[in-house]
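The values are calculated or read from the model by the stated rules, or taken from the named source; none is laboratory data. The model shown is predicted, which means the values in this text are computed figures rather than measured ones. All Cβ positions, glycine included, derive from the backbone under ideal geometry; neighbour counts span all protein chains shown.
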Amino acid sequence: MKLLLIRSGLQTSAKISFLILLSVFLVCMSLPLGWSSEDTGKTVDDKILESLALISDVLA
């Protein structure tokens with residue numbers, strides 16, 4: 001019985017560790033996205049509007 005508890009405890013701690021590492025990875029990967037929009041002074045909405053304008057010019 002003790003062996004089962006130890007194994008389940010290890011599996012739980014491994015899952016928690018994995019979730020923490022995954023969260024840290026996702027945060028680190030999303031940081032450059034915020035920095036890139038500040039460098040040009042354009043917001044994401046401005047970039048989307050420019051893309052839509054280009055698509056409408058091509059279609060016209």
Problem - Close pairs (6 angstrom Cβ cut-off, 6 or more residues apart or separate chains): part of a helix (DSSP H, G or I) in region 33-60, surrounded by 10 or more Cβ atoms within 10 Å (Cβ to Cβ) and modelled with pLDDT of 65 or more anywhere - result: SER37/VAL44
Practice task
Please find, among LEU22, LEU5, the residue that is part of a helix (DSSP H, G or I) and modelled with pLDDT of 85 or more.
Solution key: LEU22
